[in-house]
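Accompanying notes for the structure given below.
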């Protein structure tokens, strides 16, 4: 048996957990596609928020760096809620669903929970440096294919 890492999927009352051992964590390509899909979903969500609140869209991406109470602040809250709630309660975002991967707690094999999802989401700020290049390098160099957010939150991304 592995060092506490999850192995095979086991269903208990429709809640999927993973038995101790090893699971398929070599899903880097799927993670990249999931990130692109999530970016498209969040872009659409941003447009909907802009329409709903009458926020003028700027041609410059620098407006997002101000984190004002206006559009960028609302978008930041929407992004936080998107990742924290979806990953925390289901282990999957829309992108992860379509690519067949999920986030699990590395110790229990269950859903990560809201606190772990929040930690993962906050560390996207670091992992996302240079268009997620830093996160990509860390994932391919780590033994269990984890980015900094996964390491800090004690999570794994595995095939669903």
message = Just to check your reading of the model, which residue among 32, 37, 55 is surrounded by 12 or more Cβ atoms within 10 Å (Cβ to Cβ), modelled with pLDDT under 85 and under 25 Å from residue 128 (Cβ atoms)?
response = 55
message = Could you list, ordered by first residue, the pairs with Cβ atoms under 9 Å in which the first is in the range 25-53 and more than 30 Å from residue 109 (Cα to Cα) and the second is at pLDDT 95 or above and part of a helix (DSSP H, G or I), at least 6 apart or interchain?
response = 45/82
key: Hey, residue 110 more than 12 Å from residue 150 (Cα to Cα), in contact (Cβ under 8 Å) with a residue 60 or more places away in the chain and crowded, with 19+ Cβ neighbours inside 10 Å or not   = no
ask   = Has the range 92-106 got at least one residue that is touching a strand residue (DSSP E or B) at 6+ places or on another chain (Cβ under 8 Å), at pLDDT 95 or above and surrounded by fewer than 15 Cβ atoms within 10 Å (Cβ to Cβ)?
value = yes
request  = Could you please find all residues in the range 58-81 being at pLDDT below 85, touching a helix residue (DSSP H, G or I) at 6+ places or on another chain (Cβ under 7 Å) and surrounded by 13 or more Cβ atoms within 10 Å (Cβ to Cβ)?
outcome  = 63, 64, 71, 72, 74, 75
message = So for the range 149-157 (the condition being exposed (fewer than 15 other Cβ atoms within 10 Å of the Cβ) and either over 14 Å from residue 31 (Cα atoms) or at pLDDT below 95 (or both)), does at least one residue qualify?
response = no
Every residue from the range 121-135 that is assigned to a helix (DSSP H, G or I), within 13 Å of the chain's Cα centre (by Cα) and surrounded by 15 or more Cβ atoms within 10 Å (Cβ to Cβ) = 121, 122, 124, 127, 132, 135
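The values are calculated or read from the model by the stated rules, or taken from the named source; none is laboratory data. Keep in mind that this is a model prediction, so the values were computed, not measured. Positions of Cβ are generated from backbone atoms using ideal geometry, with glycine treated the same way; all protein chains shown enter the neighbour counts.
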